[in-house]
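Colleague: Here you go, one structure.
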Amino acid sequence: MAVTFIFGANTISYGQDDLQDAIVTLSFIDNNEAKIIQAKATDQDGSPIEDLELYFYVQRTFSLLPIGDFFNTTDENGIVEIPFPEDLPGAVGGHVKIVVKILESDIYNDLTLETIKNWGIPTPVDQFEEKRSLWAAAANAPITLVISVSGMILVIWFIIGYIIFILYKIGKIKSDVHSQFNEENYFKDVIESF
């Protein structure tokens, strides 16, 4: 059974090799009212790309946090603007990594842009106030855990040392018995020879 697909004359089909590269430029507008990320998409000829979906993210510890609307499409000038959240925590200096992506477009290749902006709320980390806990760094491990693990390691090394000492004593006893056996045979040979 054969299945055929017939496309109309006005249908354009793009394959993997036919995808174009889009050029996306980012601008950041910081006025008193809001912080705005502006992206302008153009093709290789410099003409604006209309209705291109751009995805805006902020890099968090383990993943990307989407910002803006779910679908951010460019207008007839190839521009899309999204407001940046005012209450987003950043690194120590308030730095956040802003990521803009083109994903799974039918006409353009996937693209990822990353930039760091000082638009987040600074979150200071004071290492001296970090309390001892199981999830803390090795320098802040609980004292009872440090003592018990150190004690177990010392007991294991004591057992290993004791086994080596016992093996040494066994070897010494074996050599003493061997030398006594040789002396008895020597005396026995000497007595029999008379």
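The values are calculated or read from the model by the stated rules, or taken from the named source; none is laboratory data. Keep in mind that this is a model prediction, so the values were computed, not measured. For neighbour counting, all protein chains shown are included, and Cβ atoms are generated from backbone atoms with ideal geometry for every residue, glycine included.
Colleague: Of the conditions (1) farther than 20 Å from L26 by Cβ; (2) within 22 Å of the chain's Cα centre (by Cα), L88 fails just one. Which one is it?
Modeller: Checking L88 against (1) farther than 20 Å from L26 by Cβ; (2) within 22 Å of the chain's Cα centre (by Cα), the one that fails is (1).
Colleague: A follow-up question, please. Which residue out of I82, I160 is surrounded by 10 or more Cβ atoms within 10 Å (Cβ to Cβ), more than 22 Å from F62 (Cα to Cα), not hydroxyl-bearing (S, T, Y) and not assigned by TED's automatic domain parsing to the domain that holds E33?
Modeller: Matching residue, one of I82, I160: I160.
Colleague: Search region 44-81 for residues being touching a residue at least 40 places away in the same chain (Cβ under 8 Å) and over 29 Å from the mean Cα position of the chain (by Cα), and hand back the single one that is nearest to I121 (Cα to Cα).
Modeller: Here the residue is E81.
Colleague: Residue check: is P122 at pLDDT below 90 and within 30 Å of F56 (Cβ to Cβ)?
Modeller: Yes, satisfied.
Colleague: Could you please find all residues in region 53-79 being hydroxyl-bearing (S, T, Y) and either surrounded by 12 or more Cβ atoms within 10 Å (Cβ to Cβ) or closer than 22 Å to I107 by Cα (or both)?
Modeller: Passing the criteria: Y55, Y57, T73, T74.
Colleague: Here is a follow-up. Is there a residue in region 34-49 that is exposed (fewer than 14 other Cβ atoms within 10 Å of the Cβ) and in a strand (DSSP E or B)?
Modeller: Yes: region 34-49 contains one or more residues that are exposed (fewer than 14 other Cβ atoms within 10 Å of the Cβ) and in a strand (DSSP E or B).
Colleague: Sticking with this one: Are any of the residues in region 23-32 modelled with pLDDT under 90, in the same structural domain as I82 (by TED's automatic domain parsing), part of a loop (DSSP other than H, G, I, E, B) and surrounded by 10 or more Cβ atoms within 10 Å (Cβ to Cβ)?
Modeller: Within region 23-32, none of the residues are modelled with pLDDT under 90, in the same structural domain as I82 (by TED's automatic domain parsing), part of a loop (DSSP other than H, G, I, E, B) and surrounded by 10 or more Cβ atoms within 10 Å (Cβ to Cβ).
Colleague: Please verify whether E104 is at negative phi, loosely packed, with under 12 Cβ neighbours inside 10 Å, in a loop (DSSP other than H, G, I, E, B) and assigned by TED's automatic domain parsing to the domain that holds Q44, treating the condition exactly as stated.
Modeller: no
Colleague: Determine whether region 57-67 contains at least one residue that is assigned by TED's automatic domain parsing to the domain that holds F28, over 17 Å from L26 (Cβ atoms) and among the hydrophobic types (A, V, I, L, M, F, W, C).
Modeller: The answer is yes, given that some residue of region 57-67 is assigned by TED's automatic domain parsing to the domain that holds F28, over 17 Å from L26 (Cβ atoms) and among the hydrophobic types (A, V, I, L, M, F, W, C).
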